[in-house]
Amino acid sequence: MKTLPVFIVIELRKNNKKARDLAKLNTGFSLGGPIILISDRAYNQLGNPSSHGKIKLDLAGIVEREFDYLGISYIKVLEEDRTSNEVQAYLIYTPRKPYSLISDELIDKLEIEILAPGRESGDLKTTLQTK
């Protein structure tokens, strides 16, 4: 069975700036807290926030990479008929990301349940449910 990535539309808020972006729910991206690795688009829409410093993270237990830590942001999921509650997350950035990446802990905090990630359907509601 082929597994398909699940993408959602999110809105990020940091200080007085907002960004809308496509974000991948990447099960297995677990770093011990609610973290979002933002795309170039989100970074630019947020006004190119300054880094609070470099952090090194161990990805998948295999590769250690360096990221810019941009501080705290607020995130919500945008759906056709509703919007999720806004939650707090740690914002990290590295250039050349075409979409944002949401950690497992942030998926939980947003109360997202992935129901059928392998189902090929154009209807997001069949694969994703927010409480």
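A short reminder: the numbers here are calculations on the coordinates, not readings from a lab. Just so you know, these numbers come straight off a predicted model, no measurement behind them. In this analysis, Cβ positions are derived from the backbone assuming ideal geometry, glycine residues included, and neighbour counts consider all displayed protein chains.
Points worth noting:
- Computed label-point distance, nm, for sites K54 and L22 using a 7 Å Cα→Cβ extension: 3.1
- Listing K17, K56, K109 from fewest to most neighbouring C-beta atoms within 10 Å gives K56, K17, K109.
- Between the beta carbons of V87 and I62, assuming R0 = 25 Å, the FRET efficiency works out to 0.30 to the nearest 0.05.
- Greater than 19 Å apart at Cα, pairs in K56/K97; K17/K76; K17/K54; K17/K56; K76/K109: K17/K54; K17/K56
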